[in-house]
1. Just need a number here: residues in region 61-92 that are more than 23 Å from K291 (Cα to Cα), open to solvent by 30 Å² or more (accessible area, probe 1.4 Å) and not β-branched (V, I, T).
2. Contact list please: Cβ distance under 7 Å, first residue in region 260-279 and in contact (Cβ under 8 Å) with a residue 24 or more places away in the chain, second residue of a type in the set (G, A, S) and part of a helix (DSSP H, G or I), pairs at least six apart or on different chains.
3. Kindly provide the set of residues from region 21-65 that are in contact with a helix residue (DSSP H, G or I) (Cβ under 6 Å, 6 or more places away or on another chain), of a type outside the set (S, T, N, Q), in a loop (DSSP other than H, G, I, E, B) and modelled with pLDDT of 95 or more, ordered by number.
4. Kindly state which strands (runs of 3 or more DSSP E) lie completely within region 254-355 and contain at least 2 residues that are on the phi < 0 side of the Ramachandran plot and in contact with a helix residue (DSSP H, G or I) (Cβ under 8 Å, 6 or more places away or on another chain).
5. Would you be able to say whether some residue in region 225-232 is among the basic types (K, R) and closer than 27 Å to G178 by Cβ?
6. How many residues are part of a loop (DSSP other than H, G, I, E, B) and surrounded by fewer than 19 Cβ atoms within 10 Å (Cβ to Cβ) when one looks only at region 238-253?
7. Please specify each residue of region 150-177 satisfying the condition of being open to solvent by 30 Å² or more (accessible area, probe 1.4 Å) and not in a helix (DSSP H, G or I).
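The values are calculated or read from the model by the stated rules, or taken from the named source; none is laboratory data. Model, not experiment: these values are computed from the prediction. Positions of Cβ are generated from backbone atoms using ideal geometry, with glycine treated the same way; all protein chains shown enter the neighbour counts. Keep in mind that these areas ignore ligands, DNA and RNA; they rest on the heavy atoms of the full protein, side chains included. Shrake-Rupley method; radii C 1.70, N 1.55, O 1.52, S 1.80 Å.
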Amino acid sequence: MTAASRSPKDFFRPLAVGAPTPLREIPARPSRAIHFFDPSNPKMAAKVPDMIGTVDVLLGNLEDAIKADNKVAAREGLVEIATSTANLGGRSGPTQLWTRINSLDSPWALDDLTTLVPAIGDKLDVIMVPKVQGAEDIHYVDRLLAQLEAKAGLDKPILVHAILETARGVANVEEICGASPRMQGLSLGPADLAADRRMKTTRVGGGHPGYLVREDPPRLGGVANLEASRATYQQDLWHYTIARMVDACAMHGIYPYYGPFGDIADTTACEDQFRNAFLLGCVGTWSLHPKQIAIANRVFSPSVEDVAHARRVVAAMGDGTGAVMLDGKMEDDASLKQCLVMVELAEQLAAVDPELKKQYDAIGGDADESEA
């Protein structure tokens with residue numbers, strides 16, 4: 001069915017009799033780190049209760065990194081964890097509960113959904129769908145979830161998150177974002193996407209020393225000295241894809257995320273990649289190891305300096321019209337919009353992070369320091 005043949009009035013109608021009414025706006029819940037864990041691993045499962053409140057999202061992984069022999073155990077383990085862990089998931093606790101199901105063409109995806117929704121649908125905030133190719137994948141999950149929610153008697157819809165892992169998925173990113181009112185956001189899947197594009201890198205996220213620019217050679221007497229030493233600067237392999245993903249998500253009112261950074265030991269490069277994504281507009285990232293949670297929480301939280309400046313601009317701008325000079329820089333309506341984004345994010349994070357709240361509450365200064 002083409003978009004032109006579907007009435008906009010039908011978009012927010014439940015896709016099954018008795019299913020909950022779709023959301024018209026996706027909640028802006030803090031999700032700086034989406035921490036992956038294997039529900040079939042007893043050691044990982046035992047750590048989950050102590051992580052409540054320390055990470056914004058815990059995601060029970062059922063797909064990649066879970067061996068075929070462990071698929072059923074992981075699914076059953078997630079049900080056990082969700083039902084036995086207090087304050088996990090359900091849109092009210094301090095830590096959301098997500099899951100990544102198996103790919104839709106696998107032997108396990110259908111059982112993932114038909115098992116999880118009836119058993120823990122009331123606690124499951126978001127279902128992450130891997131290797132989404134186009135809107136048709138979201139439509140399939142959308143209809144099936146509606147039927148399962150109706151059967152389970154759920155009163156709130158489970159949201160859907162898509163991973164961009166194929167060239168076709170990136171080409172169809174706008175239609176994926178707008179395929180369903182369930183769409184919560186998108187994540188970049190750099191490893192599978194690199195393979196699908198035939199990119200010449202074996203890294204899981206991050207840059208590559210071969211992807212660079214080189215400064216021009218110095219000139220002596222008007223002649224380029226091609227033998228001279230010339231500085232090089234490593235470039236970001238993922239800049240284009242992240243920017244396109246951010247635009248598509250912003251257009252549809254959903255949220256973009258950076259995906260995995262595979263070199264756990266290189267915390268400096270991990271922080272750099274996370275910060276690039278944050279500056280481009282991503283709201284969070286994946287965590288594959290507990291040490292990456294702290295990095296993500298730090299990077300995807302506005303700095304005290306940025307929040308202080310943003311508050312001063314908001315105070316100085318008043319009704320948002322005209323322009324003011326602040327610290328020798330002109331601030332106008334566009335500046336105010338940027339600062340309001342920063343202030344709103346700080347308020348959301350302060351509500352769930354006591355340490356951040358202390359830091360933000362301690363900020364002093366106001367628009368009185370502005371110059372006329």
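1. 11
2. Going by the 7 Å Cβ cut-off, the qualifying pairs are D263/A269; F274/A296.
3. Passing the criteria: R32, D38, P39, L62.
4. Values: elements: 255-257, 285-287, 324-326, 329-331.
Fully inside region 254-355 and qualifying: 255-257, 285-287, 324-326.
5. First, pick out the residues of region 225-232 that are among the basic types (K, R): 230.
In the following step, the residues that additionally are closer than 27 Å to G178 by Cβ were identified as none.
No, every residue in region 225-232 fails to be among the basic types (K, R) and closer than 27 Å to G178 by Cβ.
6. Step one: of region 238-253, the residues part of a loop (DSSP other than H, G, I, E, B) are 238, 253.
Of the ones still in play, those that are also surrounded by fewer than 19 Cβ atoms within 10 Å (Cβ to Cβ) are 253.
Qualifying residue count, region 238-253: 1.
7. Correct list: G153, D155, K156, N172.
Here's the yes/no breakdown for (1) surrounded by 21 or more Cβ atoms within 10 Å (Cβ to Cβ); (2) touching a strand residue (DSSP E or B) at 6+ places or on another chain (Cβ under 9 Å); (3) more than 30 Å from F37 (Cα to Cα); (4) not acidic (D, E):
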site	(1), (2), (3), (4)
Y255	yes, yes, no, yes
F261	yes, yes, no, yes
R275	no, no, no, yes
T285	yes, yes, no, yes
V299	yes, yes, no, yes
G320	no, no, yes, yes
